[in-house]
1. Taking the Cα centre of the range 4-331 as origin, work out the dipole magnitude from +1 charges on Lys and Arg Cβ and -1 charges on Asp and Glu Cβ, in debye rounded to 20.
2. Over the range 1-95, what portion of Cα pair distances is larger than 15 Å, expressed as a whole percent?
3. Net charge within 15 Å of I339 by Cβ-Cβ distance, Lys/Arg positive one each and Asp/Glu negative one each, not counting I339 itself?
4. So what J values fall out for the range 204-219 if you push phi through Karplus, 6.51 cos²θ - 1.76 cosθ + 1.60 with θ = phi - 60°, rounded to Hz, Gly and Pro as x?
5. From the square roots a ≥ b ≥ c of the eigenvalues of the alpha-carbon gyration tensor of the range 109-158, which class results: rounded (a/c under 1.5), prolate (a/b over b/c), or oblate?
6. Tell me which of V31, S76, A10 sits at the most positive position along the dipole axis of the range 1-111, charges placed on C-beta atoms (Lys, Arg +1; Asp, Glu -1).
7. Taking amide H positions as placed in the peptide plane 1.01 Å from N, state which residues far from R20 in sequence (5 or more) or on other chains have amide H under 5 Å from it.
8. Does the range 35-165 come out rounded, prolate or oblate, given a ≥ b ≥ c as the square roots of the eigenvalues of its C-alpha gyration tensor, rounded meaning a/c under 1.5 and, failing that, prolate meaning a/b above b/c?
Amino acid sequence: MGNPLNSNSAPIDPASVPQRRLYTGALMPAVGLGTFGSDSVSPAQVAEAVKGAAAVGYRHFDCASVYQNESAVGASFEEILRGGLKREEIWVTSKVWNDKHGEDDVIASCRQSLADLRLNYLDMYLVHWPFPNFHAPGCDVSSRSPDAKPYIHENYMRTWRSMEKLVDMGLVRHIGTSNMTIPKLKLVLRDARIKPAVNEMELHPHLQQPELFRFVVENGIQPIGFCPIGSPGRPERDRTPEDTAPTEDPVIREIAKRHGIGPAEVCIKWGVQHGQTPIPFSIHHYRENLACVTGDPLTDEEMRQIAALNRNCRLVKGQVFLWKAGQTWEDLWDMNGEISS
Ligand SMILES: NC(=O)c1ccc[n+]([C@@H]2O[C@H](COP(=O)([O-])OP(=O)(O)OC[C@H]3O[C@@H](n4cnc5c(N)ncnc54)[C@H](OP(=O)(O)O)[C@@H]3O)[C@@H](O)[C@H]2O)c1
């Protein structure tokens, strides 16, 4: 049984959900279910939401080994597929974590995710972060790894060669990047044999990243938007006083009122209409998060109003990946157009 808030409503026809065509020609549903429960949502609750979401029409799931719930989510996939859905009807993404960037580790990590998710291939496999810097799950943002390194392109490409090998081996259909910047992506595009099909990046009305967004689209890479609602459930340790909440923005709330929906749904509708693929996490609201993209679009004027709300407010700053004293999180994001070293 899904959550009661969701379970009383009729399913949404997956054919009515917009799709993205990747440069390979493959189609990917333009809304996915995030599966990062962080500290507050258990693997069992996430697994239950995956089953409920599939029942109401979700066909795209964003997983990762570091979410520490792939085995529970995999049990749900097994049940979903046993229940009649064909494997090719669902889109499953997973990601290699930062301590597994070594050539053999990438392959082993992918095999582990496949075993946990109970699948024999992934639709998409991402390098979760461009830094090979391990930190313990749940650690404080002030935590630093003594072995932390900056982005070293030759090392990233060694990781990428293993990602390409996974495609050759038939274990993954597509590969992609996450948490990248324009200067890093330029090098990857120059040197990749198989170019990234997607770039997963933080995207919500208060962090629109227009230059990076334009760059990836112009290079045939599909942007996947994480924290599309502004991650209202993230733990206290991941909040800073400057953070803002798109769901509390008066413009978003006014548009929501006009459409008779909640502010979170406005964020998701905007994401889909703007061109990214939002992957909202939810155990209570997943049905409306999918239903909202199937009709009653935002008007051009509303899209213009939301475009004006960008505040460059990055919520997932990545502080734990910093590699030397005296740095600030901005150093991770190549703000001056050059790769920080
Ligand atoms: N690649 C990366 O580095 C990266 C980084 C961060 C996240 N991600 C991915 O992106 C996904 C989404 O990010 P996120 O989970 O941080 O943030 P999010 O999707 O912006 O926000 C999720 C929160 O919003 C609430 N919510 C969802 N729909 C709602 C609605 N209609 N009304 C009111 N509240 C609603 C959820 O609560 P309920 O559960 O109660 O509905 C949950 O607390 C993750 O799960 C993960 O898969 C990837």
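Every number in this text was worked out from the coordinates using simple rules, so none of it is lab data. What you see is a predicted model; the values in this text were computed from it and never measured. Neighbour counts run over all protein chains shown; Cβ positions are idealised from the backbone, glycine included.
1. That gives the range 4-331 a dipole magnitude of about 560 debye.
2. In whole percent, the long-distance tail amounts to 61.
3. -1
4. Ordered by residue, 3J(HN,Hα) equals 7, x, 8, 9, 9, 6, x, 5, 5, 4, 4, 4, 5, 5, 5, 9 Hz.
5. Values: a/c = 3.20, a/b = 1.52, b/c = 2.10.
Taking the square roots of the gyration eigenvalues as a ≥ b ≥ c, the range 109-158 is oblate.
6. A10
7. Amide H neighbours of R20: M28, A30.
8. oblate
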